[in-house]
Amino acid sequence: MSFAIDRTNFLFANTVRGAKRSAVMFRITEAAKENGLNPYEYLTCIFKTAPNVI
């Protein structure tokens with residue numbers, strides 16, 4: 001169900017780049033749900049650790 005809502009929101013993205021970034025965030029969130037993780041905590045962990053990866 002959330003995919004249908006997000007798909008509708010992508011129609012109102014100002015740019016193709018913005019729509020692609022929204023799609024990436026959607027996929028990360030859905031992957032967390034599929035793996036039984038809390039999406040908020042998962043994204044928080046990613047945003048805290050990603051700057052230190054490179």
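The values are calculated or read from the model by the stated rules, or taken from the named source; none is laboratory data. In this text the structure is predicted, and so the values were computed from the model without any measurement. Neighbour counts are summed over all protein chains in view; Cβ atoms, including those assigned to glycine, are modelled from backbone coordinates with ideal geometry.
Scan the chain for residues that are surrounded by 10 or more Cβ atoms within 10 Å (Cβ to Cβ), at pLDDT 80 or above and aromatic (Phe, Trp, Tyr) and report the count.
3
Does any residue in the range 14-29 that is farther than 19 Å from ILE46 by Cβ and among the aliphatic types (A, V, I, L, M) come within less than 8 Å, Cβ to Cβ, of a residue that is surrounded by 12 or more Cβ atoms within 10 Å (Cβ to Cβ) and modelled with pLDDT under 80 six or more places away or on a different chain, and which pairs are these?
Partner pairs satisfying both residue conditions: ALA19/PHE10; ALA19/ALA13.
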